[in-house]
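Asks: Got a structure for you, written out below as structure tokens; questions coming shortly.
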Amino acid sequence: MPHTSFSNRLILAVTLVMSILIVSACHERPKQEEKAGGRFVVKEFDPLVNWKVVEEQSGNDSRKAIVLDYTGAISDGFTIPTLNQVGDGQFEFEFYLKTTEGQSRTFFYKIYYQNESYKYPEADDQDSARQNLYAEENFYGSWEDTGKGFAETQKIEADDDYHKITGRFRIVGNPRNERRYFDGQENRRWKRNPRVGTYSFLLVVTEKEMLGPDGIPDEVQDISKSAGTGFINPYFFFLYGKGKNLSNTVSVKASSTLKVSAKPDPGAGIYIANAIFKPGENTGHYCKSCGASEELNKTAAFEQFGHYIDPGTKFSNIPVIMDVLQDNYSKKDYNWNRTFFHKEELITTIPAVSSRPCQTVAADPLQHSITIKNPGTSYGNWVKENVGVITRHGFVYGKWTLKAKLTELLNPNGLWNGLTNAVWLISQSQETWNARRNCNKEGYMANYYGGQQDQRVPSVGYSEIDFEILKTVPYCPSYLLPPAYVQRTADRSELRNWNVPFPEEIVENDANIMVCCTNWDMACWEPANFAEGCQTISFDGKTFWAHRWDKNYRAITEKTPEPDDELFGSDYYYFQIDWQPTCIIWRIGPSKDKLRVVGYVDQTITSIPNNQMLMVITQEFHNTKWWIGSPYEQDNIPFPKNDIPGTIYELTIE
Amino acid sequence: MNVVRSKRFLFLVLIAVLLVAGAVFLGYRYLPLNRIFKVRSVDETGFVQDPRANTWPSSTLLFDFEVAPGTPIPGNLSDKQAHSGKLSAKAFGKNSYSISFERTAGEIGIDNLRSVSVSAWIYLYPGQNEPLASLVFAASNKKINIVWKGVSVNGKEVPRGKWFKISGFFDLSGVGFKPDSRLEIYFWNNSDNDFLVDDLFIAFSGPAERPGDSTLVDLTRGAYTPRFNYPPFPYEFLESREIGNAQSGFLVMNGTIHFGDLNPFHTILTGPFITAERGMDDLLVFDNREKFEIYSFCTEKNEFNRLDPVLPVQVKNMLPGSRIITGSFSTPGKRQLLIIGKSGLLLGNFQTLDKKCSDNGAQVKFSVVNQADKNPFSDADTILTGDFLGVTTDQLLVLKRDGSWSLHRYLKENTEVFSLIAQGTGPIPGWNSANYERRLTSGRFLQNQTSDLILTVYRDIFHGKKGYALLRYNSGSKSFLPVTPGGRIVGLDTLQTNDEILSCPALSIGNTCFLWYSHDKGFKLKRIAFSDTTYSILSNVDFHGYRQDFNPKYFEILRIVSGRLLEKNQITHLVIGKNRQPDDPKKGPGRDFTDRKDLPNTIQVYQFKDKTGK
């Protein structure tokens, strides 16, 4: 028995050793090609030694993945990684270096990273030796201390052997430490958060003499410094520019990349900050998961959204309180109410914002969801109250995908409850730190709410990209607008005087709501095909009609009719704004892998924003004067009798 | 030689014919003949009326270019393609026009020319030339253009080989129309393409504004503070009660058996005509023809029972042209009929039925209580019943056109059936119908009253001033004296002379209130209560529990009759909703009804939700 036991142990030990060897072999980092730089050779650059989450592996290339850690990000911006993610909160990198000349010496190296998903090509497409005009906007960085320049290695012995060089770095906001994002002496890295998407890593190794004026310029060694024409993108410099052919200098782009995504947790609470809610006073509905506590300030990924209501958007509403979705409200009811109430009976109002923060929004930490609701109303307290939440951490670009069950908008008779379900991005701030890139033709209209006579300015902070989903009509082609509506007469002695049929194109679309995709470009005329009226643009085999009222109109909109039951009658639906540097794609679908394009614009017809934005999810009552030709006017839609809920399940930004 | 000549001649003739034919073809195809030869505006009598036009208001025009079967098809119409029917209008080639429709501004009504909406279905034949065309609305005064507006159809995106709709809206405010301004609507093709046009629709519009002056509640200036008798008022709902008639147009509907086809023009009276059950009312329905029916609700069957009144010959003979009034004239609690004929009076009542739920059609006899062979009220303009004396039986107030009045009470011994109690010629506000339109209603309008009051609503014929008065009979002075200061109420909620004041359940014990049903062009059903000083509007009243969206208030004609029809001492409201046949321009407004699918005729009973009517 003991003999048997020994042999078993031996077999077990051998098996274990073999397994370890096999597993080690499987996990062995793919060998990277050696790269010679005159008097040295570099190999096996691994920027993410201590980050093991591999999403994709293909030959030598691997894509690792990390989800942004929201801890502390509200004040410090995102860092990649954080202490919660790896031991000391930094990525470990390593590479191997050997000298090829018989003299021991030190070398100098620097790690650069750049977001590859949302970038402009580094080189000009006409002249690859020139940096692309917009490449300086790319999100790239290096050592957090930009003044550190190139790091020096230990002395590398001339022993014909490779020596391992290691170090640490992390990706942070405002990697160029630009003063634009400072408040006094405080670097507000959250004002230029790391972009989501895939990062590449560039190792540059050189020798001391190349760090002089004839080698690597100061602006590349210290990325916080800008040349007369702006920042020099080090990726451009080393991969396309002068740095490409520098002697005794090696640039190695790592075969590993890192995919960064953000998943703000709806269940982490709702913070109350907007002054419109008077957060310090109206505390009656505060709770652990909604309020103005310091704890929520640190942890919550969402705030209650306070709509700005233009006092000029007053409307006079019928004094009817009804649940349009449940009470079988019909076209006949609508026609009657639209016709027979006297002006004296109407209620002059504007859409409202809750005066009791946390009353109409709630976070559920268990379900990781947020519920919003437009409150029901009663006689004397007539109100059409908007509701919504906004994220708190801004990003530039990204594929923003929302999974939500927002309220149905139409009842079985095709009647609209007056709400607009909106999923939109808005600039995080209109202060100068968040200004858009200059508009080089006539400038932008200065104000979102300005009229036709608004002044034009080179730069603005306002940007907005919308899904607005409501009952309205297409504006294009122009010979369709508006439908031929017939005026009603307040005479009940003849049914046809007031119960006037709707045009056939309205009736045929009874079950559809309009998915309106808008980019607020502030009427910048710079795009080559900037135009007023209707124009077509194609993408992915589909043609979209884009519409702009006139050349000073600040937004361009595309509309696609979609079935209300599908978008809002199911358990949830996906809405995606794919905001890229040169285009915006709007997609919707029943699951993330079944999204379809419902809107597309690009830089040839509209100015694509490049400033930091937040996502807003709202159910809001619009004045239909904004939506010319709409079959149902907000004024003639009853006040809601019951709460109208919507639920946000998931938001990913990647 | 002759043969050769003849052949040559024939050849030349043939060539000439071919040339002419070619020229005609080319001219037709390529010359803007429509511009050269102005297209005659169509003689619309040649077109068949599109039945869809009946669903639109009279301020709209719809042309689908169809002609009566067998009628020759005019040259400017095509039978190759049509969006609806078989024909469409052609606009072929550059500078071609479709058929043009013309009206004068006077025909449309200048008030209806604040704006115009137009739409049409268009078919563009396949081709290479970029289309350029317009659906045009134009107007001229004595051949001088005053407006030209068009919906432009152009650009490479215009679909070809399929029908598509175009539409537009033109603001015409500021255009100086005169009654004889000539309006034209046509489709103008200004490109080398061929278009067809069908289903041309034109909607002229007057002011888009709602009636009224301005809103009274502005929540942008602060919270709502209710103001006495100012809208908006809270809503109360009358709930539909099941009476087993499937809310049909018949009072009784049991499978295929149906009867009780009541219409709003019937005289419908409520009261305890035959029921022995105290606190319950029956329905007496008659018209000036043959109809004379009684319905009583049978609680066990949950439906109305029809009873067959058996009238003595003398009553039958008296009925045509007579006035029938109900009241408890000789016996408290028993509802009687007073038939006032040309040459006499007759007071009688139906026998009381203990088992009113017996088979439909059970006979009930009418017995004469008293009669006179002389009509003392032949010069009466209005006769109103009520217990003005507070003696539990009813009296008659007889009002003449000049405002003079007399009050009569039943007296068994009197050969004239009624005897005169009081009379007057003094000026009671609104009673002189030479100067006033008036409506008198009797009832216990105020709390704790032991006698009925008279509500007079009047309108000065000459000055238009409106007012009301609440009067009580004073036995001492033998006159009607005002209970309230009464007076004029102006604005939205002014009592009108054609408004009805209907019984309504009290809001609380001892309180009295009424349903105010207005018959004006809008709809007004409100619960009101009178006080010593005025009347107050308590709520708007709407209906609830009807099928689909067949709200009774949507009917062109809605009659509401109040009574204790379903439950003891509980007031319910019988509603009869009907729609009229469209007016016949030759025959004028019709009194016939039509049963529409989108709003079928209905008879229903409604009741406030609970006993107090809340």
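Asks: Which far-off residues, 5 or more places away or on another chain, put their amide H under 5 Å from the one on A:Glu650, with H placed in the peptide plane?
Replies: A:Lys403
Asks: Ignore the peptide's own chain and count Cβ atoms of other chains within 10 Å of each Cβ in B:214-225; give me the average, rounded.
Replies: What the average comes to for B:214-225 is 6.
Asks: What are the chymotrypsin sites (Phe, Trp or Tyr not before Pro) within segment B:426-471 that DSSP puts in a loop, where the Cβ has at most 10 other Cβ atoms within 10 Å?
Replies: B:Phe462
Asks: Within 14 Å, Cβ to Cβ, of B:Asp213, how many net charges do the neighbouring residues add up to if Lys/Arg are +1 and Asp/Glu are -1?
Replies: -3
Asks: Suppose R0 equals 60 Å. What FRET efficiency, 1/(1 + (r/R0)^6) with r the Cβ-Cβ distance, do A:Asn50 and A:Asn642 give to the nearest 0.05?
Replies: 0.65
Asks: Rounded to the nearest 20 Debye, what is the dipole magnitude of chain B about its Cα centre when Lys and Arg each give +1 and Asp and Glu each give -1 at the C-beta?
Replies: Result for chain B is approximately 1240 debye, rounded to the nearest 20.
Asks: Can you list the trypsin sites (Lys or Arg not before Pro) in segment A:420-477 that are in a DSSP coil and have 13 or fewer other beta carbons within 10 angstrom?
Replies: Sites meeting the loop and neighbour criteria: A:Lys441.
Asks: In segment B:383-455, which GluC sites (Glu not before Pro) fall in coil by DSSP and have 12 or fewer other Cβ atoms within 10 Å?
Replies: Loop-located and lightly packed - B:Glu413.
Asks: Once both axes come from the Cα atoms, what is the angle between helix A:331-340 and the longest principal axis of chain A, in degrees from 0 to 90, rounded to 10?
Replies: In chain A, helix A:331-340 runs at an angle near 60 degrees to the longest axis.
Asks: How big, in percent, is the set of alpha carbon pairs in chain A lying more than 43 Å apart?
Replies: 34 percent
Asks: Excluding residues fewer than 8 places away in the same chain, name every one of the lysines whose C-alpha is closer than 27 Å to that of B:Lys80.
Replies: Those lysines meeting the cut-off are B:Lys38, B:Lys90, B:Lys94, B:Lys156, B:Lys162, B:Lys165.
Asks: Report, to the nearest 10°, how far helix A:2-27 tilts away from the longest principal axis of the Cα atoms in chain A, using its own Cα long axis and a range of 0 to 90°.
Replies: Between helix and principal axis, roughly 70 degrees.
Asks: May I ask you to derive the FRET efficiency for A:Arg105 and A:Val457 from their Cβ-Cβ distance with R0 = 51 Å, giving the value to the nearest 0.05?
Replies: For A:Arg105 and A:Val457, the calculated efficiency is 0.40.
Asks: While we're on this one: Where does the charge balance sit around B:Leu183 when Lys and Arg score +1, Asp and Glu -1, over other residues with C-beta under 13 Å from its C-beta?
Replies: Net charge in that neighbourhood comes out at 0.
Asks: Another question, if that's okay. Arrange the peptides A:202-212, A:96-106, B:158-168 so that the one whose residues have, on average, the most other Cβ atoms within 10 Å appears first.
Replies: Ranked by mean Cβ neighbours within 10 Å, highest first: A:202-212, B:158-168, A:96-106.
Asks: Determine the shape class of segment B:384-467: with a ≥ b ≥ c the square roots of the Cα gyration tensor eigenvalues, call it rounded for a/c under 1.5, and otherwise prolate if a/b is greater than b/c, oblate otherwise.
Replies: oblate
Asks: Moving on. Would you work out the charge dipole size for segment A:409-565 about its Cα centre, treating the Cβ of every Lys and Arg as +1 and the Cβ of every Asp and Glu as -1, and quote it to the nearest 20 debye?
Replies: So the dipole magnitude of segment A:409-565 works out to roughly 420 debye.
Asks: Compute the helix-to-body angle for B:2-30: its Cα long axis versus the longest principal axis of chain B, expressed 0 to 90° and rounded to tens.
Replies: 50 degrees
Asks: If you average 1/r over all unlike Cα pairs in chain B and invert the result, what Kirkwood radius do you get in angstrom?
Replies: Mean inverse Cα-Cα distance, inverted, gives 30.0 Å.
Asks: Given an 8 Å cut-off on Cα distances and at least 6 residues of separation, report the relative contact order of chain B as a percent.
Replies: That works out to 10 percent.
Asks: Determine the shielding of peptide A:308-314 by partner chains: average, over its residues, the number of Cβ atoms on other chains within 10 angstrom of each Cβ.
Replies: 1
Asks: Let me check I've understood the local charge: for A:Thr299, count other residues with C-beta under 15 angstrom from its C-beta, Lys and Arg +1, Asp and Glu -1. What total comes out?
Replies: Overall, the nearby charge balance is -3.
Asks: Given q = 0.05, 0.09 Å⁻¹, what are the Debye log10 I(q)/I(0) values for the protein assembly as shown, with equal point scatterers placed on the Cα positions and solvent ignored?
Replies: Those come out to -0.57, -1.19, one per q.
Asks: Now, a different point. Across peptide A:471-484, how many C-beta atoms of other chains are within 10 Å of each residue C-beta, on average?
Replies: Per-residue shielding by partner chains comes out at 5.
Asks: Give the lysines reachable from A:Lys278 as a straight Cα distance under 22 Å; neighbours fewer than 8 places away on the same chain don't count.
Replies: Cross-link targets: A:Lys288, A:Lys298, A:Lys373, A:Lys384.
Asks: Residue-wise, which Karplus ³J(HN,Hα) couplings in Hz belong to segment A:369-386, taking 6.51 cos²θ - 1.76 cosθ + 1.60, θ = phi - 60°, and x for glycine or proline?
Replies: 9, 10, 10, 10, 8, 7, x, x, 9, 9, 4, x, 10, 4, 7, 10, 9, 6
Asks: A further question follows. Once Lys and Arg get +1 and Asp and Glu get -1 on their Cβ, which of A:Thr401, A:Asn411, A:Gln455 lies farthest toward the positive end of the dipole of segment A:338-457?
Replies: Farthest towards the positive pole: A:Thr401.
Asks: Moving on to the next point. Along the charge dipole of segment A:308-441, pointing to its positive end and built from +1/-1 on Cβ of Lys, Arg, Asp and Glu, which listed residue (A:Thr391, A:Thr339, A:Gly380) has its Cα farthest out?
Replies: The residue sitting farthest along the positive end of the dipole is A:Thr391.
Asks: Pick out, from B:Asn540, A:Gln576, A:Ala435, the residue whose Cα sits farthest towards the positive end of the charge dipole of the protein assembly as shown, with +1 on the Cβ of Lys and Arg and -1 on the Cβ of Asp and Glu.
Replies: Going by the charge dipole, the pick is B:Asn540.
Asks: Also, quick follow-up: First obtain the Kirkwood hydrodynamic radius of segment A:70-213 from its Cα pairs, then insert it into the Stokes-Einstein equation at 37 °C and 0.692 mPa s, and state the resulting D in µm² per second as a whole number.
Replies: Stokes-Einstein gives a translational diffusion coefficient of 190 µm²/s.
Asks: Which value, in debye to the nearest 20, describes the size of the charge dipole of the protein assembly as shown about its Cα centre when Lys and Arg Cβ atoms bear +1, Asp and Glu Cβ atoms bear -1, and nothing else is charged?
Replies: Charge dipole, the protein assembly as shown, about its Cα centre: 3140 debye, nearest 20.
Asks: Give the peptides A:246-256, A:116-126 in descending order of average Cβ contacts within 10 Å, highest first.
Replies: Descending mean neighbour count gives A:246-256, A:116-126.
Asks: Under 37 °C and 0.692 mPa s, how fast does segment A:364-405 diffuse according to Stokes-Einstein, given a Kirkwood radius computed over C-alpha pairs? Answer in µm²/s, whole number.
Replies: D, rounded to a whole number, is 238 µm²/s.
Asks: So which of A:Lys119/A:Lys405; A:Lys35/A:Lys208; A:Lys331/B:Lys553; A:Lys559/A:Lys641; A:Lys110/A:Lys155; A:Lys332/B:Lys597 end up more than 21 Å apart by C-alpha?
Replies: Long pairs (Cα-Cα over 21 Å): A:Lys119/A:Lys405; A:Lys559/A:Lys641.
Computed from the coordinates by the stated procedures, all read-outs in this text should not be read as laboratory data. Please read these numbers as outputs of a predicted model, since none were measured by experiment. Backbone-built Cβ (ideal geometry, glycine too); neighbour counts: all protein chains shown.
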